[in-house]
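Undergrad: Please see the structure below; I have some questions.
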Amino acid sequence: MKFYRSQVLVCAGTGCTSSGSADIIRIFKEEIEKVGLSEEVNVIHTGCFGLCENGPVVIVYPEGAFYSHIKLTDVPRIVTEHLLKGRIVTDLVYSSDSAHKSKSMALEDIEFYKKQKRVALRNCGAIDPENIEEYIAFDGYKALAKCLTEYTGEEGRDKIIDIMLQSGLRGRGGAGFPTGLKWKFAKAPVSDIKYVCCNADEGDPGAFMDRSVLEGDPHAVLEAMTIAGYVIGAQQGYIYVRAEYPIAVHRLRIAINQAREYGLLGNNILGTDFSFDIDLRLGSGAFVCGEETALLASIEGKRGEPNPRPPFPAVKGLFGKPTLLNNVETYANVCQIILNGPEWFASMGTEKSKGTKVFALGGKIQNTGLVEVPMGTTLREVIYEIGGGIPNGKKFKAAQTGGPSGGCIPAQHLDVPIDFDNLSAIGSMMGSGGLIVMDEDNCMVNIAKFFLEFTCDESCGKCPPCRIGTRRMLEILEKICDGKGEPGDIEKLEELAINIKNSALCGLGQTAPNPVLSTLRYFRDEYEAHIYEHRCPAGVCSSMLRYTIDPEKCKGCSLCAKNCPAGAISGEIKKPFVIDTEKCVKCGACIEKCKFGAISRK
Amino acid sequence: MANENKAREELYKELDVIIEQWKDEPGGLLPIMQNAQEIIGCVDEEVQNYISDKTGIPVSTIYGVATFYSLFTLEPNGKYTIGICLGTACYVRGSQLVYDELSKQLGVEGGRTTGDGLFTLTATRCIGCCGLAPAMTVNGDVYGRVKPEDVKGIIEKYRNIG
């Protein structure tokens with residue numbers, strides 16, 4: 001590799017690409033060429049840095065200057081000032097307060113990164129994901145080499161399983177099944193043909209952990225899958241990735257081709273008699289395909305409907321052969337465990353949940369983005385110290401984890417250390433790692449309805465409890481949100497929820513009632529307000545809202561009446577105006593226009 | 001669709017190359033259909049029959065797949081596909097209001113195309129720009145932090161291009 005005096009790292013994850021980072025890379029190269037520094041400064045596009053809220057993000061090394069919210073017009077200044085004259089452009093550098101008083105020059109000084117521990121995301125934002133040599137320079141494919149040379153024969157392969165078991169790594173896809181045990185089960189059956197699959201069908205709305213790993217460090221997944229193939233005796237691997245992730249798909253294709261060129265995939269890997277190859281299969285937009293048997297059906301080219309287990313995929317999986325299926329983030333931990341030892345991994349986390357977990361932090365939070373913290377970190381630390389708290393001085397109401405299968409966690413549990421078992425105990429689940437924060441303006445009944453709409457829509461229709469039961473639950477929720485709730489609705493919801501949980505065929509159906517159950521557990525008062533008082537406390541459910549003008553505050557300027565699209569406001573100039581609630585369409589235009597804060601929505 | 005002016009026969013020739021490549025692969029039906037959707041713009045009855053003839057897979061199986069996955073459409077989409085992210089992060093920041101406004105402005109429900117064939121409105125799953133929530137896309141161009149009042153201007157922009 002060539003030596004450069006300066007490196008310009010530009011985030012090319014999906015978030016930053018959406019805000020124009022590809023053009024920023026192009027302008028950087030052009031401007032650097034103009035000032036004649038092409039031989040001295042290297043521009044690299046990397047995976048996600050995590051602080052998506054502040055994208056597009058650019059880091060210039062060796063100084064480590066962290067530039068945020070970069071616009072195309074800022075690029076020439078950074079090039080002439082920083083790269084040519086050596087003066088950091090301080091007004092473009094990230095600052096945790098908007099007044100730009102405290103300047104955080106380097107990554108490690110930024111509050112957002114201080115409490116994080118990056119294992120799965122180690123290379124994201126650090127290397128060029130489209131260059132295998134950069135991955136190799138960061139210890140890439142060293143774990144594979146170690147496995148193939150040090151852990152040979154039947155004994156060696158069992159030793160690798162022991163390492164995985166000792167590390168305590170549990171599946172990061174949601175259920176938290178011990179990874180080593182899964183590998184052991186898949187190794188046991190005798191079969192000429194076996195498969196290793198990777199679940200990259202990240203369907204939880206608001207979750208993008210796996211996508212960021214694939215975009216930022218695709219080789220880490222390929223290497224781990226190859227090791228898994230070696231252990232269980234498979235020759236072929238498949239990565240099932242969402243078609244909605246075009247950047248991830250593109251980088252995986254490049255990575256697979258490079259690995260083949262370097263002899264790290266294909267026949268006789270590293271000169272041994274072990275052969276293994278990996279192909280991609282694209283998902284076509286079906287949430288249920290995140291369920292393992294449905295995913296395998298989809299790879300087989302069928303409708304992605306789940307099948308009853310047993311037989312488990314480890315015994316009879318893809319094309320009827322023993323199959324190992326792990327999720328992206330799980331694989332992303334494997335090579336580090338082999339290189340650093342199981343004790344290192346087990347030293348992080350809690351008693352039953354080892355290592356770190358990646359969360360996609362979103363919703364009503366200052367620093368939307370991707371964070372990786374040791375298991376056992378509290379929600380409060382994640383939301384307030386790393387996430388920067390709730391914007392606009394609003395009050396925290398709940399954090400939602402586990403997506404449509406999970407639940408809402410209220411303020412009283414903010415200090416619970418996050419791990420698999422604790423989250424289950426408080427009625428939520430780890431899930432794949434989506435963490436959506438809600439504030440006082442979010443209606444919890446409405447949120448429960450939102451998730452039920454999702455699961456109803458995504459139910460594959462194979463089993464009646466899920467197909468019909470979730471539909472009935474949704475109807476009741478719609479009724480409640482419409483102000484037509486009746487006494488007994490809550491009890492009906494609870495009864496349906498328990499029956500669906502007990503009788504649905506797959507994980508999607510069994511967990512579909514969770515958002516309703518958890519909001520009922522912690523926010524029952526909101527349901528009751530909707531049903532008994534026909535009132536939405538958060539002011540979200542529009543059919544129950546009433547807009548009124550406070551005659552004390554109204555100056556009679558008529559601005560609201562002029563802006564009312566329904567002609568529902570009337571009055572005399574300089575006297576208090578009134579809203580005709582029969583005509584009002586509840587659009588809220590009047591509230592926005594009123595300069596005196598005289599209009600309220602309740 | 002960019003391919004709308006090309007005759008179906010020509011598009012089928014493109015599809016033939018794909019079918020040849022995948023038809024003997026195990027699980028090749030999905031890649032064939034994904035490509036058909038991209039090349040032709042939909043997998044309507046005619047396309048389903050065509051794939052069935054070429055691969056020997058029963059058309060009932062193909063129809064089953066086409067109606068299972070949200071990627072496949074049975075009729076061509078409009079020239080511009082507008083996607084509103086209804087992922088949780090966007091939803092809690094008000095993307096439903098943006099969606100409702102779009103539906104009102106365009107006069108169509110989600111999943112439908114406007115009478116002039118210009119716009120198809122869809123609610124999409126998380127597109128992963130949660131930092132830009134609420135987010136919407138028009139044929140892949142991403143608009144971030146969209147407010148209901150921005151919708152009109154965005155639609156006008158594309159209407160003017162035609």
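Undergrad: Output yes when any residue across segment A:283-291 is crowded, with 18+ Cβ neighbours inside 10 Å, on the phi > 0 side of the Ramachandran plot and in contact (Cβ under 8 Å) with a residue 12 or more places away in the chain, and no when none is. First the steps, then the outcome.
TA: If we filter segment A:283-291 for residues that are crowded, with 18+ Cβ neighbours inside 10 Å, which is where we start, we get A:283-291.
Now restrict to residues that are on the phi > 0 side of the Ramachandran plot: A:285.
Now restrict to residues that are in contact (Cβ under 8 Å) with a residue 12 or more places away in the chain: A:285.
Looking through segment A:283-291, at least one residue is crowded, with 18+ Cβ neighbours inside 10 Å, on the phi > 0 side of the Ramachandran plot and in contact (Cβ under 8 Å) with a residue 12 or more places away in the chain.
Undergrad: Separate question: I'd like to check which helices (runs of 4 or more DSSP H) are fully inside segment A:142-190 and have at least 3 residues that are surrounded by 15 or more Cβ atoms within 10 Å (Cβ to Cβ) and of a type in the set (Lys, Arg). Don't jump to the end; show me each part of the working.
TA: Working: elements: A:142-150, A:153-167, A:179-187.
Here the list reads A:179-187.
Undergrad: Being in contact (Cβ under 8 Å) with a residue 40 or more places away in the chain, outside any helix (DSSP H, G or I) and either at positive phi or of a type outside the set (S, T, N, Q) (or both), is that true of even one residue in segment A:523-535? Give the derivation first.
TA: Residues of segment A:523-535 in contact (Cβ under 8 Å) with a residue 40 or more places away in the chain: A:523, A:526-527, A:530-532, A:534-535.
Then drop every residue that is not outside any helix (DSSP H, G or I), which leaves A:534-535.
Okay, now just the ones that are also either at positive phi or of a type outside the set (S, T, N, Q) (or both), so A:534-535.
Yes, there is a match, as at least one residue in segment A:523-535 is in contact (Cβ under 8 Å) with a residue 40 or more places away in the chain, outside any helix (DSSP H, G or I) and either at positive phi or of a type outside the set (S, T, N, Q) (or both).
Undergrad: Being more than 8 Å from chain A (Cβ to nearest Cβ) and not hydroxyl-bearing (Ser, Thr, Tyr) is the requirement here; does B:Val43 meet it?
TA: Working: more than 8 Å from chain A (Cβ to nearest Cβ): yes; not hydroxyl-bearing (Ser, Thr, Tyr): yes.
When the stated conditions are applied, B:Val43 passes them.
Undergrad: Still on this structure: When the residues of segment A:357-371 are narrowed to those that are assigned to a loop (DSSP other than H, G, I, E, B) and of a type outside the set (Lys, Arg), which ends up farthest from the chain's Cα centre (by Cα)?
TA: Within segment A:357-371, the first condition is being assigned to a loop (DSSP other than H, G, I, E, B), and the residues that meet it are A:364-368.
Still in the running and of a type outside the set (Lys, Arg): A:365-368.
Details: A:Ile365: 14, A:Gln366: 16, A:Asn367: 14, A:Thr368: 11 Å.
The residue in question is A:Gln366.
Undergrad: State whether the residues of segment A:176-189 include one that is away from chain B (no Cβ under 11 Å), hydrophobic (A, V, I, L, M, F, W, C) and free of Cβ contacts under 8 Å to residues at least 40 places away in the same chain.
TA: yes
Undergrad: Further, regarding this structure: Within segment A:372-404, restricting attention to residues that are assigned to a helix (DSSP H, G or I) and within 12 Å of another protein chain (Cβ to nearest Cβ), which residue is farthest from the chain's Cα centre (by Cα)?
TA: It comes out as A:Asn392.
Undergrad: Could I ask something else about it? If the requirement is being of a type in the set (Val, Ile, Thr), surrounded by fewer than 21 Cβ atoms within 10 Å (Cβ to Cβ) and not assigned by TED's automatic domain parsing to the domain that holds A:Ile247, which of these qualifies: A:Val10, A:Val57, A:Val35? Don't jump to the end; show me each part of the working.
TA: Details: A:Val10 fails: surrounded by fewer than 21 Cβ atoms within 10 Å (Cβ to Cβ); A:Val57 fails: surrounded by fewer than 21 Cβ atoms within 10 Å (Cβ to Cβ).
Of the residues listed, the single one that is of a type in the set (Val, Ile, Thr), surrounded by fewer than 21 Cβ atoms within 10 Å (Cβ to Cβ) and not assigned by TED's automatic domain parsing to the domain that holds A:Ile247 is A:Val35.
Undergrad: In segment A:448-487, what residues are small (Gly, Ala, Ser) and farther than 19 Å from A:Met544 by Cβ? Full working, then the answer.
TA: Within segment A:448-487, the subset small (Gly, Ala, Ser) is A:448, A:459, A:461, A:469, A:483, A:485.
Within segment A:448-487, A:Ser459, A:Gly461, A:Gly469 qualify.
Undergrad: Taking helices (runs of 4 or more DSSP H) that fall entirely within segment B:55-121, which contain at least 1 residues that are more than 8 Å from chain A (Cβ to nearest Cβ) and farther than 30 Å from B:Pro26 by Cβ? Walk me through it before giving the result.
TA: On the way: elements: B:59-68, B:88-92, B:95-106.
Of the helices (runs of 4 or more DSSP H) lying wholly inside segment B:55-121, those with at least 1 residues that are more than 8 Å from chain A (Cβ to nearest Cβ) and farther than 30 Å from B:Pro26 by Cβ span B:95-106.
Undergrad: Further question on the same structure: So, in segment B:15-34, of the ones that are of a type in the set (D, E, K, R) and within 13 Å of chain A (Cβ to nearest Cβ), which residue ends up surrounded by the fewest Cβ atoms within 10 Å (Cβ to Cβ)? Explain how you work it out, then say what you get.
TA: Residues of segment B:15-34 of a type in the set (D, E, K, R): B:16, B:20, B:23-25.
Narrowing further to those that are within 13 Å of chain A (Cβ to nearest Cβ): B:23-25.
Numbers: B:Lys23: 15, B:Asp24: 8, B:Glu25: 12.
Out of the qualifying residues, it is B:Asp24.
Undergrad: Which condition number in (1) part of a loop (DSSP other than H, G, I, E, B); (2) within 14 Å of chain B (Cβ to nearest Cβ) is the one that A:Arg211 fails?
TA: Of the numbered conditions (1) part of a loop (DSSP other than H, G, I, E, B); (2) within 14 Å of chain B (Cβ to nearest Cβ), the odd one out for A:Arg211 is (1).
The values are calculated or read from the model by the stated rules, or taken from the named source; none is laboratory data. Worth saying up front: this structure is predicted, and the values here are computed from it rather than measured. No Cβ is skipped: glycine too gets one built from the backbone with ideal geometry, and neighbour counts run over all protein chains shown.
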